[in-house]
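Everything below concerns the one structure shown next.
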Amino acid sequence: MARVSQEHLDARRRQILDGAALCFARNGFHATSMQDVLKEVDLSAGAVYRYFSGKEELIAAIVGEVLGEVREAFEEAAKQHPPQPPDLLVGAVLNRTFGLRASLTVDGEPAFPRLVIQAWGETLRNPELATVLREAYSSVGEAWERVVEAYQDAGMMRADVPAEHVARTMVAMVQGFVAQQPLLGQAPVEVLQNGLRALMSMSVPPPDPGVDHSSVNLAETPSN
């Protein structure tokens, strides 16, 4: 009996993941059955179940793959001295992530943003998937923290702000940009880059001599 090459196994796994991603993005996780996935990829049940035990394992693999790619990109960026500024770095990572999945579309629109929303919604009902996403996002956040620390070491960013706070803000910004697209319409990555550049260009205006700033602390939480 002829042995199946690793290239063939990898291609078949890719075929199943891409087909499942389209089904989930098109119809939602709960409305998609394994029969829908089998029809989409045009494979037998045995061929698919050889790789994945069911829908939960499929969506966990899809999400884990995407976030793993993002984490690796930021880890590589952290090794540069200094790393690219945030607008260029975010643009490169997002363009690569979208580009790798450009062929996956639903009604002419990229499937990836829809899939992100589906996955996040599913975490409210699926503790196992929630754990997968929590661990994956934690690893992305840790990679971003290393980038921020490299910025701070190079004197590109204030050192008095915890790297974790900056990392969480950047993850939220990118995630929000992706999640907006199914509702607000597709937007090029340059939109996010331009917004980042504008924020990065801000300077603190000189104090107004007519205002007493001595008692103003924006970090304080107003009392009720």
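The values are calculated or read from the model by the stated rules, or taken from the named source; none is laboratory data. This is a predicted model, so every value here is computed, not measured. Reconstructed Cβ throughout: ideal geometry from the backbone, glycine too, with neighbour counts over all protein chains shown. SASA here: full protein model, heavy atoms, side chains in, ligands and nucleic acids out. Shrake-Rupley method; radii C 1.70, N 1.55, O 1.52, S 1.80 Å.
Taking first residues from the stretch 159-188 that are more than 17 Å from Arg134 (Cα to Cα) and partners that are assigned to a helix (DSSP H, G or I) and of a type in the set (D, E, K, R), the Cβ contacts under 9 Å between residues at least 6 apart in sequence or on separate chains come to Ala159/Asp153; Pro162/Glu145; Ala163/Glu145; Ala163/Arg146; Ala163/Glu149; Val166/Glu145; Gln181/Arg114; Pro182/Arg114.
What is the one condition in (1) part of a loop (DSSP other than H, G, I, E, B); (2) at pLDDT 90 or above; (3) closer than 25 Å to Leu183 by Cα; (4) among the aromatic types (Phe, Trp, Tyr) that Phe29 does not satisfy? Tallying (1) part of a loop (DSSP other than H, G, I, E, B); (2) at pLDDT 90 or above; (3) closer than 25 Å to Leu183 by Cα; (4) among the aromatic types (Phe, Trp, Tyr), Phe29 fails exactly one: (2). Scanning the stretch 119-171 for residues that are assigned to a loop (DSSP other than H, G, I, E, B) and not hydrophobic (A, V, I, L, M, F, W, C) returns Thr123, Arg125, Asn126, Gly155, Arg158, Asp160, Pro162. Of all the residues in the stretch 101-110, those that are among the hydrophobic types (A, V, I, L, M, F, W, C) and under 20 Å from Val191 (Cβ atoms) number 1. Residue count for the stretch 5-29 under the criterion of being surrounded by 15 or more Cβ atoms within 10 Å (Cβ to Cβ), touching a residue at least 40 places away in the same chain (Cβ under 8 Å) and not basic (Lys, Arg): the result is 9.
What do you reckon, is His81 of a type outside the set (Ser, Thr, Tyr) and either closer than 30 Å to Leu196 by Cβ or assigned to a loop (DSSP other than H, G, I, E, B) (or both)? The answer is yes for His81. Within the stretch 172-202, being outside any helix (DSSP H, G or I), out of contact with any strand residue (DSSP E or B) (no Cβ under 8 Å at 6 or more places or on another chain) and either on the phi < 0 side of the Ramachandran plot or open to solvent by less than 30 Å² (accessible area, probe 1.4 Å) (or both) holds for Ala187, Pro188, Ser201, Met202.
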